[in-house]
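Heads up: the structure comes next, in structure tokens.
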Amino acid sequence: MGSSSAAPAHRSVEGADLRIGWNGGGGYRDLERLRDDVKRAERDGFSHFWLSQVMGLDSLTALAAVGADAPGIELGTSIVPLYGRHPLVLAGQALTTQAALSGRLVLGIGPSHKRLIEHMYGGSYAKPLTRTREELRALKVLMAGDSFEFEGEEITVRGQLSIQAPLPPILIAALGPRMLDLAGREAEGTALWMVGPKTLSEHITPRIREAASAASRPEPRILAGVPVCVTQDKARAKLHAMKSLKVYGLLPAYQSMISREGLEGPEDIAIIGSEDEVRERISLYQSGGATDLRMSDMCPNEDESCRTRELLVSVAAELNR
């Protein structure tokens, strides 16, 4: 690590309880790299590790395969798209993974995006809220081991599972008001992406907490995903983030969150700056109501990646007690 990794004296992150985890993303092509990253996240003191379902490894299968090598860290999917996965199949896969992980799985689910579902899957994205509500209901009943017969607007389910495993908590990828209401009423919380601290405090947190309270449910888990780069060259790092995050600016759900935050593009969501500037932005998520952050490296070179990891390990050591 070069001299740029030396960190100045810093202020502590203060506020309500917050757990720091690592976002593995969805670009894994082989299990060994994933295994190494999960083990490193545990070794570095992160509370949780998140794997996305994109075009790489199947997230639930992969976590089941590598989880035994890092027995002290929570493992989650963020997220598994619901379209293309019948509730009986997804519930069985999630419970099997939960059994393999000895109860450490968090099941993040969501409807994904019209661009993916209609273009790549060839399905209809006409009623994503209805699809999520119906699948969530089915998953909860089926993973509890109960028989379920249901004919809804989007899905039909008839069956029962027999798998011995604890019921995994469910987080919904919820950004809009009605999806946040659903997450607060019927799930354990939400998994967010492309959400800044202003939007978190003014829109996400009050809405989901109100829904949970009205349903007499515990305070929801709010997991925010944040790309980070500790650097002295903000312009270069922002250009790298612009290229890396470009696709998210093309998706209406994320465009809405970026606009609500008062930003121009997804690169503006990334936390880019000095150690103290990154800590300050983390504290804004904390005061805005996040219970968990999943952090990802958004640096253009190895020196800055090392510096960023060093800072986040330090923050995790302070907060993950």
Under the condition of being among the small types (G, A, S) and surrounded by 24 or more Cβ atoms within 10 Å (Cβ to Cβ), which residue from the stretch 164-195 is nearest to the chain's Cα centre (by Cα)?
A191
Which numbered condition S259 misses (of (1) closer than 25 Å to K114 by Cβ; (2) buried (at least 21 other Cβ atoms within 10 Å of the Cβ); (3) polar (S, T, N, Q))
(2)
Only listed residue being loosely packed, with under 15 Cβ neighbours inside 10 Å and hydrophobic (A, V, I, L, M, F, W, C), chosen from V247, V226:
V247
State all residues of the stretch 204-221 that are surrounded by fewer than 19 Cβ atoms within 10 Å (Cβ to Cβ), at negative phi and not aliphatic (A, V, I, L, M); if no residue qualifies, say none.
P206, R209, E210, S213, R217, P218, E219
Given the conditions (1) of a type outside the set (S, T, Y); (2) touching a residue at least 60 places away in the same chain (Cβ under 8 Å); (3) farther than 22 Å from W50 by Cα, report the number of the one that E277 does not fulfil.
(2)
Within the stretch 210-220, can one find any residue that is among the acidic types (D, E) and closer than 19 Å to L171 by Cβ?
yes
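Restricting to the stretch 271-321, what's the tally of residues that are in a loop (DSSP other than H, G, I, E, B) and of a type in the set (D, E, K, R)?
Going through the stretch 271-321 one residue at a time, the tally reaches 1.
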Single unsatisfied condition, S244 versus (1) under 30 Å from L116 (Cα atoms); (2) of a type in the set (S, T, Y); (3) in contact (Cβ under 8 Å) with a residue 60 or more places away in the chain:
(3)
For the subset of the stretch 31-48 comprising residues that are touching a residue at least 60 places away in the same chain (Cβ under 8 Å) and surrounded by 23 or more Cβ atoms within 10 Å (Cβ to Cβ), which member is nearest to G225 (Cα to Cα)?
H48
Selection from the stretch 154-184 of residues farther than 30 Å from T199 by Cβ, assigned to a loop (DSSP other than H, G, I, E, B) and not aliphatic (A, V, I, L, M) yields Q160, S162, Q164, P166
Top-ranked residue of the stretch 1-43 - restricted to ones that are in a helix (DSSP H, G or I) and modelled with pLDDT under 95, ranked as farthest from D276 (Cα to Cα)
S3
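The values are calculated or read from the model by the stated rules, or taken from the named source; none is laboratory data. If you're wondering where the values come from, they're calculated on a predicted model, not measured in any experiment. Neighbour counts are summed over all protein chains in view; Cβ atoms, including those assigned to glycine, are modelled from backbone coordinates with ideal geometry.
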